[in-house]
Structures are given as C-alpha cells and as structure tokens.
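The values are calculated or read from the model by the stated rules, or taken from the named source; none is laboratory data. No experiment lies behind these values; they were computed from the predicted model shown. Cβ placement follows ideal geometry from the backbone for every residue including glycine, while neighbour counts extend to all protein chains displayed.
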Amino acid sequence: MAITKGAKKAHRQSLRKNAMNQKRKAAVRTALKNVRTAQKGDTKALATAYKAIDKALKRGLIKKNTAARRKAKVARMLAGKN
C-alpha cells in the first residue's frame, strides 16, 4: 500500500483513470456490437461508433491505425459489403 502522501494521490488518480478507460473501452465495444445488429445504412449507429472510436483514440486507448481500421470496418458493415 502507498505510504507517502504523493504515492496515495497517485494511486487515487490511477483508480480514476482506470475507471474512465474501462468506460471508454466498453463504449467502443458496445458501439461495435450495435453496428453488427444495425440495419444497412444506419447513420445513427455509424455516428455513435465513430464517436466512441475517436474518443478512445484521443485518450490514447487505441492507436491511430487501429482507430482507422475499425472505422473502415464499421463503414463496410453498414454499407452492406461485409
């Protein structure tokens, strides 16, 4: 367990960051699941997925190419090619 005051604060911060990161990861997973069940051409599902992926990218949860690949896959799914 943390002993110094600074270590205790760092631990609190890491717990908050971990909670937010898990929430963002869950949002990406949920958005991708919703895309799989959405109708062809559903722009609302596409926008939700893009938003979740972009936020995960912005916060450093996924890399740039991973985000691009997932966005392309989502677009293909809703276009009806896959």
Give the range 34-67 a look and list any residue that's surrounded by 12 or more Cβ atoms within 10 Å (Cβ to Cβ), in a helix (DSSP H, G or I) and of a type in the set (A, V, I, L, M), or say none. 35, 45, 46, 49, 52, 53, 56, 57, 67
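Out of curiosity, is residue 73 surrounded by 11 or more Cβ atoms within 10 Å (Cβ to Cβ) and either closer than 30 Å to residue 2 by Cβ or more than 14 Å from the chain's Cα centre (by Cα) (or both)? Let's see the steps before the verdict.
On the way: surrounded by 11 or more Cβ atoms within 10 Å (Cβ to Cβ): yes; either closer than 30 Å to residue 2 by Cβ or more than 14 Å from the chain's Cα centre (by Cα) (or both): yes.
Yes, satisfied.
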Counting just the residues of the range 43-58 that are hydrophobic (A, V, I, L, M, F, W, C) and in contact (Cβ under 8 Å) with a residue 24 or more places away in the chain, which one comes out farthest from residue 33 (Cα to Cα)? 56
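Taking the condition at pLDDT below 95, of a type outside the set (A, V, I, L, M) and surrounded by 11 or more Cβ atoms within 10 Å (Cβ to Cβ), does residue 82 pass? If you could, list the steps in order and put the result at the bottom.
Working: at pLDDT below 95: yes; of a type outside the set (A, V, I, L, M): yes; surrounded by 11 or more Cβ atoms within 10 Å (Cβ to Cβ): no.
It is false that residue 82 is at pLDDT below 95, of a type outside the set (A, V, I, L, M) and surrounded by 11 or more Cβ atoms within 10 Å (Cβ to Cβ).
From 16, 36, grab the single residue that is closer than 30 Å to residue 80 by Cα and of a type outside the set (S, T, N, Q).
Answer to the check: 36.
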